[in-house]
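Right, one structure below, let's go through it.
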Amino acid sequence: MAHPDPGFKGTKVLLEEDEIPTKWYNIIPDLPSPPPPPLHPKTLQPITGEDLAPLFPLGLIQQEVSTERYIDIPDEVREVFKLWRPTPLVRARRLEKALGTPARIYYKYEGTSPAGSHKPNTAVPQAYFNKVEGVKKLTTETGAGQWGSALAFATCLLDMECQVWQVRASYDAKPYRKTIMQTWGATLHPSPSPLTASGRAILEKDPTSPGSLGMAISEAVEVAAADPNARYALGSVLNHVLLHQTIIGEEALLQLAKIGEKPDVVVACTGGGSNFGGLTFPILREKMAGKMNPVIRAVEPAACPSLTKGKYCYDYGDTAGLTPLVKMHTLGHNFVPDPIHAGGLRYHGMAPLVSHIYELGLIEAISIPQKECFDAAIAFARTEGIVPAPEPTHALAAAVREALLCKETGESKCILTALCGHGHFDMASYEKYLSGEMQDLEYPEEKVAAALKDLPVVE
């Protein structure tokens with residue numbers, strides 16, 4: 001049953017700076033059961049805060065294992081957020097008209113941040129909590145470059161060093177991502193690189209490796225663990241990262257309430273899970289409390305479908321096996337995804353929290369091939385004006401599917417999605433699509449089967 005149209009006549013729903021949320025939402029206390037604990041990669045025992053200390057500051061470790069429902073956002077972090085937050089909630093009226101749908105489509109636009117995506121929502125607090133504990137340098141990985149750009153921006157503001165390993169396929173395809181990271185003072189390396197033991201081992205086996213997020217994580221973790229002045233920062237997957245991103249959903253709920261809307265369907269793209277969790281976890285809280293009842297749908301690439309085709313089991317978060325073992329939907333830590341244009345979704349696993357919630361049956365998941373995603377991207381750009389990053393085109397494609405279904409049924413559903421970034425650095429991808437050269441990459445069944453054979457044995 002669709003919610004009736006409350007009659008909102010505008011285009012954007014805006015909040016004032018003093019309405020920026022003051023707390024992050026931790027969904028774990030509200031779940032029917034807690035997620036399985038991460039395990040130490042050597043002992044296979046539940047990981048402790050002491051185990052994580054070489055990689056993360058105490059403040060983030062406490063957030064990672066917290067059972068508190070709400071965690072205060074430091075005033076210093078909220079001051080930085082004022083550079084771009086609150087972000088707008090926009091009614092996609094021109095897209096609706098072009099589709100001829102009675103559906104009401106809203107998108108929460110995170111491309112207004114200095115880095116052009118949702119990633120600074122966690123980059124800034126991660127840099128802050130490291131800075132207050134005396135950390136001088138952060139290391140990280142990045143795929144498409146959104147996360148690396150965000151951390152470079154955050155460390156620049158907080159006068160810290162930043163070292164980034166970017167997946168080789170994206171490093172070559174998106175040279176201006178490198179330039180923007182360097183503009184903010186970061187040092188960049190293509191991954192796999194000869195600078196680390198894990199990188200050298202990969203290059204010995206395959207000197208032309210396109211890289212993967214799992215490989216880049218291994219390199220960044222290796223460097224951070226060996227340097228007492230450095231710590232590691234992760235742009236997705238972990239609980240504290242998804243926690244920081246809930247500012248998206250909290251703002252969206254305030255904006256929807258201002259115009260009397262309640263979503264019937266919520267769709268968001270998933271790679272590691274931070275954008276998806278950020279938008280949907282606060283909405284899922286309201287659903288579990290009986291205040292609304294939307295369908296919540298994760299959308300992933302058909303060529304890297306961890307949720308819909310992966311195995312739910314313990315696996316490493318990186319290729320070299322340096323990280324804790326986490327229970328997640330995985331295609332195998334040795335799986336190297338094809339170089340799809342949505343580089344930020346090329347990860348072998350899914351956030352353990354998103355995986356757990358999927359296993360509980362609280363969300364749905366689908367996968368969509370990239371040409372259909374770019375069909376939706378072009379339709380969106382030619383109506384709403386914004387050129388989307390390749391990653392959220394998956395959510396746009398799912399929103400278009402739902403809107404066209406409403407056209408068939410006559411239902412006027414409220415569809416909410418997250419446009420988590422703009423595509424201004426992704427013109428090579430659009431050029432491939434517009435020239436007719438873009439190909440749909442099939443699900444690589446044999447490669448996944450081979451990678452799953454190497455899963456760690458956990459008794």
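Data overview
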| quantity | calculated |
| --- | --- |
| Among the residues listed as GLU50, GLU68, GLU76, the single one being out of contact with any Phe, Trp or Tyr (no Cβ under 9 Å at 6 or more places or on another chain) and over 22 Å from GLY317 (Cβ atoms) | GLU68 |
| Residue list for the stretch 398-419, filter: open to solvent by 10 Å² or more (accessible area, probe 1.4 Å) and either under 20 Å from GLY145 (Cα atoms) or not in a helix (DSSP H, G or I) (or both) | GLY410, GLU411, SER412, LYS413 |
| Some residue of the stretch 276-288 being in a helix (DSSP H, G or I) and modelled with pLDDT under 95 | no |
| Those helices (runs of 4 or more DSSP H) lying entirely in the stretch 300-397 with at least 2 residues under 25 Å from SER218 (Cα atoms) | 306-309, 352-359 |
| Residue check for GLU141: assigned to a strand (DSSP E or B) and either open to solvent by 30 Å² or more (accessible area, probe 1.4 Å) or of a type outside the set (Gly, Ala, Ser) (or both) | yes |
| Test result for VAL135, out of contact with any helix residue (DSSP H, G or I) (no Cβ under 8 Å at 6 or more places or on another chain) and either acidic (Asp, Glu) or open to solvent by less than 40 Å² (accessible area, probe 1.4 Å) (or both) | yes |
| The listed residue being closer than 28 Å to ILE180 by Cα, among the small types (Gly, Ala, Ser) and open to solvent by 10 Å² or more (accessible area, probe 1.4 Å), out of ALA365, ALA377, ALA351, ALA428 | ALA428 |
| Qualifying residue in the stretch 144-156 (condition: among the β-branched types (Val, Ile, Thr), surrounded by 24 or more Cβ atoms within 10 Å (Cβ to Cβ), within 23 Å of HIS424 (Cα to Cα) and modelled with pLDDT under 95) | no |
| Considering residues of the stretch 157-169 that are closer than 25 Å to GLU431 by Cβ and open to solvent by 10 Å² or more (accessible area, probe 1.4 Å) only, the residue modelled with the highest pLDDT | ARG168 |
| Residue match in the stretch 188-196 (condition: within 20 Å of ASN130 (Cα to Cα), under 24 Å from the mean Cα position of the chain (by Cα) and not aliphatic (A, V, I, L, M)) | no |
| Residue within the stretch 192-200 that is within 21 Å of HIS333 (Cβ to Cβ), buried (at least 23 other Cβ atoms within 10 Å of the Cβ) and in contact with a strand residue (DSSP E or B) (Cβ under 8 Å, 6 or more places away or on another chain) present | yes |
| Long-range neighbours under 8 Å by Cβ, at least six apart or interchain, first residue over 16 Å from GLU402 (Cβ atoms) within the stretch 260-273, second of a type in the set (D, E, K, R) | THR270/GLU300; GLY271/GLU300; GLY271/ARG346; GLY271/GLU391 |
| The stretch 61-73 residues that are among the polar types (S, T, N, Q), paired with ones that are open to solvent by less than 100 Å² (accessible area, probe 1.4 Å) (beta carbon under 7 Å, 6 or more apart) | GLN63/ILE71; GLN63/HIS240; GLN63/LEU243; SER66/ASN26; THR67/ILE28; THR67/PRO29 |
| Odd one out for VAL387, checked against (1) of a type in the set (A, V, I, L, M); (2) over 21 Å from the mean Cα position of the chain (by Cα); (3) surrounded by fewer than 22 Cβ atoms within 10 Å (Cβ to Cβ) | (2) |
| Lone qualifier among VAL267, VAL241 - being among the β-branched types (Val, Ile, Thr), in a helix (DSSP H, G or I) and either at pLDDT 95 or above or touching a His at 6+ places or on another chain (Cβ under 7 Å) (or both) | VAL241 |
| Test: residue in the stretch 278-298 that is under 18 Å from TYR107 (Cβ atoms), among the basic types (Lys, Arg) and over 22 Å from the mean Cα position of the chain (by Cα) | no |
| Given (1) within 19 Å of PRO263 (Cα to Cα); (2) within 24 Å of the chain's Cα centre (by Cα), index of the condition ASP5 fails | (2) |
| Single match in GLU250, GLU222 (criterion: within 18 Å of TYR109 (Cβ to Cβ), of a type outside the set (Phe, Trp, Tyr) and open to solvent by 10 Å² or more (accessible area, probe 1.4 Å)) | GLU250 |
| Residue satisfying all of: in the stretch 431-450; open to solvent by less than 70 Å² (accessible area, probe 1.4 Å) and touching a residue at least 12 places away in the same chain (Cβ under 8 Å); nearest to PHE380 (Cα to Cα) among these | TYR433 |
| GLU110, sole failed condition from (1) under 18 Å from ASP426 (Cβ atoms); (2) over 19 Å from the mean Cα position of the chain (by Cα); (3) not basic (Lys, Arg) | (2) |
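The values are calculated or read from the model by the stated rules, or taken from the named source; none is laboratory data. Treat the numbers as computed from the prediction; the structure is a model and nothing was measured. A quick note on method: Cβ atoms are made from the backbone with ideal geometry, for glycine too, and the neighbour counts reach across all protein chains shown. Areas reflect the complete protein model, heavy atoms only, side chains present, ligands, DNA and RNA absent. Shrake-Rupley method; radii C 1.70, N 1.55, O 1.52, S 1.80 Å.
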